[in-house]
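Novice: Handing you a structure now.
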Amino acid sequence: MRLVDFVVKDSLVPDLRAETKEEAVRILVNSLVDAGRVQGPEFENIVRAILKRETLGTTGIGGGVAIPHARHTSVERLIGTIGIVPSGLGFDSKDGKPVHVIVLIISPHDRPGDHLRALENVSSALRREEFVSQLKKCTTRDQLEQLLDNAPGS
Amino acid sequence: MLSRNVQVGHPLGFHMRPKAVFAETANRFQSDIQVSWEGRVINGKSMWDLMLVGATHGAQMILEANGPDAEEALTALAMVIETDKLPGDLD
């Protein structure tokens, strides 16, 4: 479950503009719908599941990064997308800082191992300051795709 | 230093919510807390570092605590790892 294994490249959002956590989540899930990886009728349920998960504890783990996620019956395999927020977004992060990189993950109910490995790999990648700094500089989907393809361990 | 072997009890493994509970719990104690898992030694007080511990249900870990309240810390933290249910679990 490396980043390249599950990130849906057609759904990457290099210039995410949102005022709230909810808005950002909606944009990212919608991007997965547009990429054909999430069924349209499931959109609201998935958004609700992700936001509900946030009420149990923020996924803004600090360092300008958030990993909102949920399990949902409508996905057969783990999928995700990445949003880059140039102006930063309040995410109730543990360190109080705004997030610039959001990695949204939707996993099937019956594959907890995949989910854990995805979180492990996402965290590992996002610990690399240089990688995060390069992510934040991406302004197009192509640039993001290239960066993901070439990232060490991705 | 005290240590305790624990086994991940939650059916979803040591996912993000137990990591958050673990880090919050660990930070209530004065003792230094470390988690050893698959050859990695992780600072148990850092959620950021705990994110690297992708331990599945049933995985073994070693908790270590070093300080005046080490015993209490290990007892509390072992419970966090070994519980099969967290507040907010739906099923």
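The values are calculated or read from the model by the stated rules, or taken from the named source; none is laboratory data. Remember, predicted model here, so these are calculated numbers, not experimental data. For neighbour counting, all protein chains shown are included, and Cβ atoms are generated from backbone atoms with ideal geometry for every residue, glycine included.
Novice: Quick one: which helices (runs of 4 or more DSSP H) lie wholly within region A:85-154 and hold at least 1 residues that are among the polar types (S, T, N, Q) and closer than 24 Å to B:ALA59 by Cβ? Give the derivation first.
Specialist: Values: elements: A:112-126, A:129-137, A:141-150.
Result: A:112-126.
Novice: I'd like the full set of residues that are surrounded by fewer than 21 Cβ atoms within 10 Å (Cβ to Cβ), under 16 Å from the mean Cα position of the chain (by Cα) and within 13 Å of chain B (Cβ to nearest Cβ), limited to region A:93-107.
Specialist: Within region A:93-107, A:SER93 is the sole residue that qualifies.
Novice: What residue, of A:ASP10, A:ASP15, is more than 14 Å from every other protein chain (Cβ to nearest Cβ), of a type outside the set (S, T, N, Q), within 19 Å of A:VAL132 (Cβ to Cβ) and surrounded by fewer than 20 Cβ atoms within 10 Å (Cβ to Cβ)?
Specialist: Matching residue, one of A:ASP10, A:ASP15: A:ASP15.
Novice: What number of residues within region A:108-152 satisfy the criterion of being small (Gly, Ala, Ser), within 23 Å of A:LYS21 (Cα to Cα), touching a residue at least 12 places away in the same chain (Cβ under 8 Å) and more than 10 Å from every other protein chain (Cβ to nearest Cβ)?
Specialist: Number satisfying all stated conditions: 1.
Novice: Can you tell which of B:GLN34, B:GLN30 is touching an Asp or Glu at 6+ places or on another chain (Cβ under 6 Å), buried (at least 17 other Cβ atoms within 10 Å of the Cβ), more than 7 Å from every other protein chain (Cβ to nearest Cβ) and modelled with pLDDT of 95 or more? First the steps, then the outcome.
Specialist: Values: B:GLN30 fails: buried (at least 17 other Cβ atoms within 10 Å of the Cβ).
Result of the check over B:GLN34, B:GLN30: B:GLN34.
Novice: Considering only residues that are surrounded by 21 or more Cβ atoms within 10 Å (Cβ to Cβ) and either in contact with a strand residue (DSSP E or B) (Cβ under 6 Å, 6 or more places away or on another chain) or not in a strand (DSSP E or B) (or both), which ones fall in region A:59-69?
Specialist: Taking region A:59-69 and keeping what is surrounded by 21 or more Cβ atoms within 10 Å (Cβ to Cβ), we get A:59-61, A:64-69.
If the condition is that a residue be surrounded by 21 or more Cβ atoms within 10 Å (Cβ to Cβ) and either in contact with a strand residue (DSSP E or B) (Cβ under 6 Å, 6 or more places away or on another chain) or not in a strand (DSSP E or B) (or both), then A:THR59, A:GLY60, A:GLY64, A:VAL65, A:ALA66, A:ILE67, A:PRO68, A:HIS69 are the ones that fit.
Novice: So in region B:37-47, with the set limited to residues that are under 16 Å from B:ASN66 (Cα atoms) and touching a strand residue (DSSP E or B) at 6+ places or on another chain (Cβ under 6 Å), which one is surrounded by the fewest Cβ atoms within 10 Å (Cβ to Cβ)?
Specialist: B:VAL41
Novice: Could you count how many residues in region A:26-44 are assigned to a helix (DSSP H, G or I) and either over 14 Å from the mean Cα position of the chain (by Cα) or of a type outside the set (Gly, Ala, Ser) (or both)?
Specialist: 13
Novice: Please specify each residue of region B:53-66 satisfying the condition of being surrounded by fewer than 19 Cβ atoms within 10 Å (Cβ to Cβ) and facing another protein chain (nearest Cβ under 9 Å). Talk me through it step by step, then tell me what you get.
Specialist: Within region B:53-66, the subset surrounded by fewer than 19 Cβ atoms within 10 Å (Cβ to Cβ) is B:56-60, B:62, B:66.
Across region B:53-66, the qualifying residues are B:THR56, B:HIS57.
Let's see how each residue does on (1) closer than 24 Å to A:ARG111 by Cβ; (2) at pLDDT below 95; (3) in contact with a helix residue (DSSP H, G or I) (Cβ under 7 Å, 6 or more places away or on another chain):
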| residue | (1), (2), (3) |
| --- | --- |
| A:ASP5 | yes, yes, no |
| A:VAL8 | yes, no, yes |
| A:ASP15 | no, yes, no |
| A:ALA24 | no, no, no |
| A:ILE27 | no, no, no |
| A:VAL33 | yes, no, yes |
| A:PHE43 | yes, no, yes |
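Novice: Restricting to region B:1-56, and then to whatever is outside any loop (DSSP other than H, G, I, E, B) and among the small types (Gly, Ala, Ser), can you tell me which residue is nearest to A:ILE67 (Cα to Cα)?
Specialist: Step one: of region B:1-56, the residues outside any loop (DSSP other than H, G, I, E, B) are B:2-7, B:16-26, B:32-37, B:40-43, B:47-50.
Next, from what is left, pick out any that are among the small types (Gly, Ala, Ser): B:3, B:20, B:23, B:26, B:36.
On the way: B:SER3: 31, B:ALA20: 13, B:ALA23: 17, B:ALA26: 22, B:SER36: 24 Å.
Here the answer is B:ALA20.
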